[in-house]
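J.: So that we are looking at the same thing, I have put the structure below in C-alpha cells.
Every number in this text was worked out from the coordinates using simple rules, so none of it is lab data. Model, not experiment: these values are computed from the prediction. No Cβ is skipped: glycine too gets one built from the backbone with ideal geometry, and neighbour counts run over all protein chains shown.
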Amino acid sequence: MAVINPYQTYQDNSVNTATPAELTLMLYNGCIKFIGQAKKAISEKNIEEKHINISKAQNIINELIVTLNMDIDISTEMKRLYDFINQRLIEANIKNELKLLEEAEGFVIEFRDTWKEVIIINRKRQHAQGGLV
C-alpha cells in the first residue's frame, strides 16, 4: 500500500489550483530558494550541490522566459533581464562566486516583491469591482 504524504498532496493541490499570477510567484520563490541553497553549498565547498541548485534556478529563469507574452512591450525588457540573471548564474556556477549569486538573487527578489504587489493591486481592484478574488 502506498504511503500518502500530506505535505506533497498539499503542494500538488496548491500548484494545480493556483492562478497564473500565483504560479509566477511560486517560480520566483523557488528560484530564490535554490539560489540560497547554492550560496550555502558554495560556502560549504559542496560543488555538486551548488551545481544542482544553480541548475534548478536556471531552469526556473528559463521557464519565466518561455512564458513571457512577447506581444506586451515590457516583455522584451524582462527577457533581457532574465537573460542577464541567467548569465550571472552560469558565471557563478563556473567561478564559484557568491557575489554573482547574490547579484542574481537581488534581481529575483526585486521581481518577486514587485509581482506580489501587482497581485495585491489586482485583487483589490477585482474586489472593488465586485469580482471574485
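J.: From Ala57, Ala92, grab the single residue that is small (Gly, Ala, Ser), in contact with a helix residue (DSSP H, G or I) (Cβ under 9 Å, 6 or more places away or on another chain) and closer than 22 Å to Pro20 by Cα. It would help to see each step written out before you state the result.
T.: Numbers: Ala92 fails: closer than 22 Å to Pro20 by Cα.
Answer to the selection: Ala57.
J.: Taking into account only those residues within segment 43-54 that are surrounded by fewer than 20 Cβ atoms within 10 Å (Cβ to Cβ) and of a type in the set (A, V, I, L, M), which is nearest to Ile94 (Cα to Cα)? Can you show your working first?
T.: First, the residues of segment 43-54 that are surrounded by fewer than 20 Cβ atoms within 10 Å (Cβ to Cβ): 43-49, 51-52.
In the following step, the residues that additionally are of a type in the set (A, V, I, L, M) were identified as 47, 52.
On the way: Ile47: 10, Ile52: 13 Å.
Among those residues, the one meeting the criterion is Ile47.
J.: In segment 55-67, what residues are surrounded by fewer than 16 Cβ atoms within 10 Å (Cβ to Cβ) and closer than 18 Å to Lys95 by Cβ?
T.: The one that is surrounded by fewer than 16 Cβ atoms within 10 Å (Cβ to Cβ) and closer than 18 Å to Lys95 by Cβ: Ser55.
J.: Next question, about the same structure. Looking only at residues in segment 35-62 that are in contact with a Leu (Cβ under 6 Å, 6 or more places away or on another chain) and free of Cβ contacts under 8 Å to residues at least 40 places away in the same chain, which one is nearest to Phe111 (Cα to Cα)?
T.: Ile60
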